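The values are calculated or read from the model by the stated rules, or taken from the named source; none is laboratory data. Keep in mind the model is a prediction, meaning the values are calculated, not measured. All Cβ positions, glycine included, derive from the backbone under ideal geometry; neighbour counts span all protein chains shown. To get the accessible areas, we keep the full protein, side chains included, count just its heavy atoms, and leave off ligands, DNA and RNA. Shrake-Rupley method; radii C 1.70, N 1.55, O 1.52, S 1.80 Å.
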Amino acid sequence: MSASGLPPVVEEPVERLHRLHWSSLLFDALSQIRSLVVPAIFALLGAARGDSFWIYISLIFLGPALLYSVFRYATLSFRISHGQLVIKQGLIFRNVRSVPVERIQNIDFVQNLLHRALGVAEVRVETAAGSEPEATLRVLSLEQVERLRSEVFESRHAAEPRAFNVGVSDGVGLEAGSFSEESSATQAANSPTTSLVLQIPLSWLIYAGLASNRGTILIGVVAGSIYEFKLFKRLDIEKFADWLPQNLDHWFLAGVVALGFLVLLLILRMVSVAWYILRFSNYRLERRNDDLRVSCGLTTKVQATVPRRRVQFISVHRNLLMRFWRLASVRIETAGSGAGHDDASKSVSSRWFIPVVTEDRLAEVLREIRPDLVWNENEFQFKPMAARAVTRRVRFAVLVSLVFAAVGFFVWKPWGALVGAILLPILVLAAILSTRALQYARTEQGVVFRSGVLIRKTSMTFFEKIQSIEFQQSPLDRRWGMAKLSVDTAAAGPAEHKIEVPLLDASLAMNEQVEIKQLAAMHQPVYR
Amino acid sequence: MTTEQTQTHLNPVDSNQLTDERANSAVEGTPTVLYSQDSRFIQVEMIASTIFAGFVLVAALIGLGVLWFIFGLGPIFYLGLVAFFVLALLLLYGTFVWPKIEFRHYRWRLDDQSLEIHSGVWWKHRISIPLGRVQHADVSQGPLLRKFDLGVLTVHTAGTAESKIELKGLAHSTALQLRDRLVEQAQAKVVT
């Protein structure tokens with residue numbers, strides 16, 4: 001860690017006091033209203049019924065909230081001095097937060113349509129520590145964003161000539177010289193160069209949308225609104241039946257229903273295509289020295305920066321259709337990005353890091369995340385699961401079906417037993433396929449685990465990122481001579497895949513634990 | 001069950017019996033030897049379990065009284081009585097036998113690469129923490145542990161699922177030594 005917080009010896013950059021953009025008032029009020037959405041719905045429903053009680057209630061809540069917005073706007077100011085970004089807020093109880101400038105990892109911004117119309121953006125200042133952004137400034141004008149960026153990086157440059165890894169702005173802003181300490185020898189690290197890594201064309205987004213199940217959110221929305229507005233009562237189903245021609249052929253009806261399903265499916269897929277286009281149009285992944293920068297969005301523009309040293313975990317997901325079209329999506333996990341915290345810029349820098357990429361570009365793109373990474377899934381030396389792993393899982397599946405059959409039989413004699421009979425082939429097939437899908441490998445850089453039948457997930461973490469290695473055996477595991485091996489990393493979560501390898505041969509698992517432990521100890525993480 | 005495990009069963013090294021020199025070697029890291037907890041930890045566990053069992057038994061007695069009050073000396077009461085005795089037996093086992101079994105299955109070792117903790121009687125766990133990954137470590141003592149001069153070493157990593165790993169039942173001095181040794185390795189707090 002460099003000496004932080006010490007005033008730089010070099011001459012001070014001019015201190016300027018900044019304030020939020022005037023439209024902050026508007027956006028702050030909007031977000032307050034959004035957080036009061038429940039009383040607001042009550043108010044609207046009540047108003048529809050001619051009952052104004054809830055309107056008054058929500059006004060009581062809203063009034064102070066709006067006052068607070070005005071107060072916040074009037075009292076918040078920030079400036080850069082002595083190598084610190086200082087944000088002051090409040091009048092009586094004054095809250096002053098200072099963030100050492102050289103610890104600022106990046107300045108991300110989110111811009112929705114309204115923001116764009118007014119030429120402003122919501123800005124997040126992030127440091128390596130912690131899961132929350134260090135500071136959120138809502139909202140600044142684009143000019144202010146630029147000035148903030150240049151001041152931050154200027155000041156960092158002045159405070160510390162050997163500043164590592166400077167994530168600077170989007171081409172327009174000035175560039176701080178960044179001397180990266182541990183950048184690989186192959187990369188010319190002395191001058192900042194931006195290279196375009198990946199651009200996603202519209203056609204990929206359409207394929208990805210068609211392959212994705214995103215559209216099912218629509219079902220939730222529709223079902224919710226039907227329930228909420230009691231549409232069932234209003235729709236007169238009997239009347240609807242009167243419209244239908246009488247004496248229809250059964251086959252014809254079945255055909256209509258099947259067609260209806262197909263159309264519904266198509267609509268859902270169209271919705272997910274729309275969702276992909278809305279979120280990921282103009283997707284660009286760029287690399288500037290050791291920073292990866294993602295920007296995308298049709299209406300809401302998001303820009304996020306990920307220092308590539310902070311990538312802990314790479315997870316490549318492919319569902320059935322994506323495999324058919326030879327597509328993949330990539331999720332990453334970075335230290336300092338908390339799980340569960342899922343706002344727009346965060347999710348772009350983790351869960352939706354690369355929403356879709358073709359197989360033939362995958363390896364090349366992943367290499368930009370880690371220069372030493374050779375991603376060739378056919379070359380990974382996958383170690384076999386325990387010889388009797390499939391037998392064990394199948395036996396369990398049979399047992400579960402038997403239990404269901406027995407319970408079914410006693411509940412509803414004798415046909416209930418059929419439940420078990422129907423479950424048996426399904427569970428057995430699932431057991432065989434899911435066990436065969438499990439694959440574990442150790443490469444030169446780290447550990448690879450693959451699992452999943454419908455959605456195949458292949459994840460990799462690196463020796464220097466491994467925090468602990470655990471060998472676990474349940475009583476059943478011991479009976480079968482098997483064990484589970486898990487590897488823990490920082491910020492596990494957004495990738496929705498963990499390296500927890502079940503059904504390994506016990507001696508292999510124990511051996512692997514020792515090997516991984518030694519390799520992890522050899523590959524010390526580089527702290528800064 | 002591996003040969004290594006059976007061996008350590010036959011010849012457990014009780015850190016209570018360690019001379020200072022051997023305790024030092026435990027902390028310095030002799031790769032092959034697995035150490036057990038301090039045997040005084042069994043007593044601590046027994047006392048803690050006795051207190052717990054006492055509370056449970058009192059609650060169960062009250063429950064039994066309620067059964068008597070509502071149903072009288074009928075079959076339901078006798079069923080409750082049987083359940084009470086089964087519970088009492090289980091608690092006796094948990095108090096006076098289980099701590100010893102758990103103790104026998106608990107091992108730790110520090111070598112030049114990692115801290116390793118083996119635990120669990122039915123569900124076996126062996127966790128290794130590479131030394132460079134220790135963010136910080138602290139030693140804590142409850143009133144009972146203090147009376148017996150024992151301590152719990154908590155090792156923090158930057159991980160998610162296993163960010164806090166406890167090594168229980170060490171002599172307080174061993175725990176402190178171990179902590180110092182681990183903290184030496186933890187150079188910085190920021191994960192990259």
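Proximity of backbone amide H atoms, modeled 1.01 Å from N, is registered between B:Ala161 and A:Thr489 at under 5 Å, excluding neighbours fewer than 5 places apart on the same chain.
Chain A packed on chain B takes about 2900 Å² of accessible surface away from a 1.4 Å probe, both sides summed. When the surface is traced with a 1.4 Å probe over the full set of protein chains, A:Tyr207 keeps roughly 100 Å² accessible.
Here the spin labels are modelled as points 7 Å beyond Cα on the Cα-Cβ line, and at A:Arg97 and B:Lys100 they lie 5.7 nm apart.
Average 1/r across all pairs of distinct alpha carbons in region B:42-100, invert it, and you get the Kirkwood radius: 12.2 Å.
Loop-located chymotrypsin sites (Phe, Trp or Tyr not before Pro) in region A:431-512 (DSSP state not H, G, I, E or B) with no more than 14 neighbouring Cβ atoms inside 10 Å do not occur. When the listed pairs A:Lys301/A:Lys457; A:Lys301/A:Lys498; A:Lys465/B:Lys124; A:Lys457/A:Lys498; B:Lys100/B:Lys168; A:Lys498/B:Lys168 are checked against a 21 Å cut-off, the alpha-carbon distance exceeds it for A:Lys301/A:Lys457; A:Lys301/A:Lys498; A:Lys465/B:Lys124; A:Lys498/B:Lys168.
In what sequence, largest accessible area first, do B:Val66, A:Val120 appear using a 1.4 Å probe?
B:Val66, A:Val120
Each Cα pair under 8 Å and six or more residues apart adds its sequence gap; the mean of these over the residue count of region B:99-192 is a relative contact order of 22 percent. Interface burial in region A:493-524, defined as at least 10 Å² less accessible area with all protein chains than with the chain alone at a 1.4 Å probe, covers A:Met510, A:Gln513, A:Lys517, A:Gln518, A:Ala520, A:Ala521, A:Gln524. When the alpha-carbon atoms of region A:389-436 are used, the pair Rg, Dmax equals 11.4, 36 angstrom.
With 10 Å² as the minimum drop in accessible area between chain alone and full protein complex (1.4 Å probe), the qualifying residues in region A:461-475 are A:Lys465, A:Ile466, A:Gln467, A:Ser468, A:Ile469, A:Glu470, A:Phe471, A:Gln472, A:Gln473, A:Ser474, A:Pro475.
The slack in the chain from A:Arg326 to A:Leu45, taken as 0.36 nm per residue of separation less the alpha-carbon distance, amounts to 96.3 nm. Highest mean first, the peptides B:156-168, B:80-92, A:418-430 sorted by other C-beta atoms within 10 Å per residue fall in the order B:156-168, A:418-430, B:80-92.
The accessible area of A:Phe409, taken with all protein chains in place and a 1.4 Å probe, comes to roughly 80 Å².
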